[in-house]
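Working notes, structure below.
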Amino acid sequence: MPTAQYEPWMRRALEIARMMPDPGAEDPPVGAVIYDRDGKEIAAAHHDRARTGDPTAYAEILALRQAGQVLGTWRMEGCTLVTTLEPGTMSAGALVLARLPRLVIGSWDRYNGAVSSLWDLVRDRRLNHRVEVIPEVLMVDTDTLLNTYLDTPQTS
């Protein structure tokens, strides 16, 4: 599966992750970017739960909200979401419900991953939509950014 075409997009997601004010024990440095069918960036966000106190302020969820406003619809038809860390159950479920066709992942989340590590929610045949997954794009870079956080077991 060729992944080189997604590397510039993952570099952008890494840039967004590095913009987090204070990544730490509560929120890993995760960035997510959504591109439309023409490859134009339409949304970008990083995890923001710790700062906002919002339990749904995951990078992917925030990016989906922005993209919905830009597109004027909840359907992410033709879009690609690029994220530095494998989404968990809430974000993975939102990707399915948003009808997102493609997900590009940097690192696997062995504690909460819902795309392959613990569950495979986005490709579950029982659901009404399945997401194409492009894994391990710039994984060395995303692992390096996330390494300290991922080496600490998470309870949330």
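The values are calculated or read from the model by the stated rules, or taken from the named source; none is laboratory data. Computed from a predicted model, the values in this text were never measured in an experiment. Don't worry about glycine lacking a Cβ; one is built from the backbone with ideal geometry, like all the others, and counts go over all protein chains shown. Areas reflect the complete protein model, heavy atoms only, side chains present, ligands, DNA and RNA absent. Shrake-Rupley method; radii C 1.70, N 1.55, O 1.52, S 1.80 Å.
Ordered by 1.4 Å accessible area with all protein chains kept, Ser117, Ser91 run largest first as Ser117, Ser91. Summary value for the chain: 20 percent relative contact order, contacts being C-alpha pairs under 8 angstrom separated by 6+ residues. Among Glu60, Glu132, Glu86, which one shows the highest mean-square fluctuation when the chain is modelled as a Gaussian network with alpha-carbon springs under 10 Å? Per the Cα network of the chain with a 10 Å cutoff, Glu132 tops the list. Seen from Ala50, the other residues with C-beta closer than 11 Å to its C-beta sum to a net charge of -3, counting Lys and Arg as +1 and Asp and Glu as -1.
Near Glu86, within a Cβ-to-Cβ distance under 12 Å, what is the net charge of the other residues, with Lys and Arg +1 and Asp and Glu -1? Result for the neighbourhood of Glu86: -4. When a/c reaches 1.5 or more, the comparison of a/b and b/c decides; with that in mind, is region 97-138 rounded, prolate or oblate per its Cα gyration tensor? It is oblate, given that a/c is not under 1.5 and a/b is not larger than b/c. Each Lys or Arg adds one and each Asp or Glu takes one away; over the other residues whose Cβ falls under 15 Å from the Cβ of Glu77, this sums to +3. When the Cα positions of Leu145, Ala67, Val104 are compared along the charge dipole of region 33-146, Ala67 comes out farthest toward the positive end, with charges on each C-beta of Lys, Arg, Asp and Glu. When a/c reaches 1.5 or more, the comparison of a/b and b/c decides; with that in mind, is region 1-77 rounded, prolate or oblate per its Cα gyration tensor? It comes out oblate by the Cα gyration axes. Measuring r between the beta carbons of Asp143 and Thr73 and using R0 = 25 Å, the FRET efficiency lands at 0.15.
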